[in-house]
Amino acid sequence: SPHTPPRIVCVCARLSRMVSTTASLALSCLAFVVAPAVILFALSFATLHTVEYGLDFNAITMTLDSKTWDQAGLKFLGFGHTFIKFPRVIQTIEFTPSRRGLLHTRTADGLPLTLGLSFQFRYLPARLYQLYLDYQGEEELVYVNNARAVISNTACNFSAYTF
């Protein structure tokens, strides 16, 4: 204003710059501290469904916690953690024309034998940690290969009349 002394105008201008600088600093703090903290916090959760077991895998340190999680829900594991999930329900392995093909073997007489079969298994929560350490998530392939070998070898012990 025309009647304001120059000293007051100068103080008001400095005060205005300080407020502007403080607002910029607050926005920078919000952008570079608070927002990433909120994002990291949100990424620290994992879910388990009612039909799943889980093992806590830390992707940062590449370690696996031996505790088996068996309660469904949203869990706070920490940033970089995720669940390695296993089905809680009974699993079926089939050797049928539509799944993995039929098993081909021979009887004790040397005659060809073609078998179609299925079997079921379920995971035991107390053994999931060791199962994962042993097979690294490829346990079903091991089950299929072992079943194929055991069934074929056992069938060789019987004559054609047994079947």
*Of the residues 126, 160, which is in contact with a strand residue (DSSP E or B) (Cβ under 9 Å, 6 or more places away or on another chain), free of Cβ contacts under 8 Å to residues at least 60 places away in the same chain, of a type in the set (A, V, I, L, M, F, W, C) and loosely packed, with under 12 Cβ neighbours inside 10 Å?*
126
*Failed item, numbered, when residue 82 is tested on (1) of a type outside the set (D, E, K, R); (2) within 30 Å of residue 54 (Cβ to Cβ); (3) open to solvent by less than 60 Å² (accessible area, probe 1.4 Å)*: (3)
_Selection within segment 29-68 - open to solvent by 50 Å² or more (accessible area, probe 1.4 Å) and in a strand (DSSP E or B)_ = 45, 47, 63, 65, 66, 67
_As an exercise: evaluate residue 93 against (1) without any contact (Cβ under 8 Å) to a residue 12 or more places away in the chain; (2) closer than 30 Å to residue 160 by Cβ; (3) surrounded by 13 or more Cβ atoms within 10 Å (Cβ to Cβ) and give the number of the one condition it does not meet._
(1)
*asked:* Please count how many residues of segment 138-150 are open to solvent by 40 Å² or more (accessible area, probe 1.4 Å) and either of a type in the set (Phe, Trp, Tyr) or touching a strand residue (DSSP E or B) at 6+ places or on another chain (Cβ under 9 Å) (or both).
replied: 3
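The values are calculated or read from the model by the stated rules, or taken from the named source; none is laboratory data. Everything numeric in this text was worked out from a predicted model, so none of it was measured. Every residue, glycine as well, gets a Cβ built from its backbone with ideal geometry; the counts of neighbours run over all protein chains shown. For the accessible areas, the whole protein counts, side chains as well, though only heavy atoms, and no ligand, DNA or RNA atoms are used. Shrake-Rupley method; radii C 1.70, N 1.55, O 1.52, S 1.80 Å.
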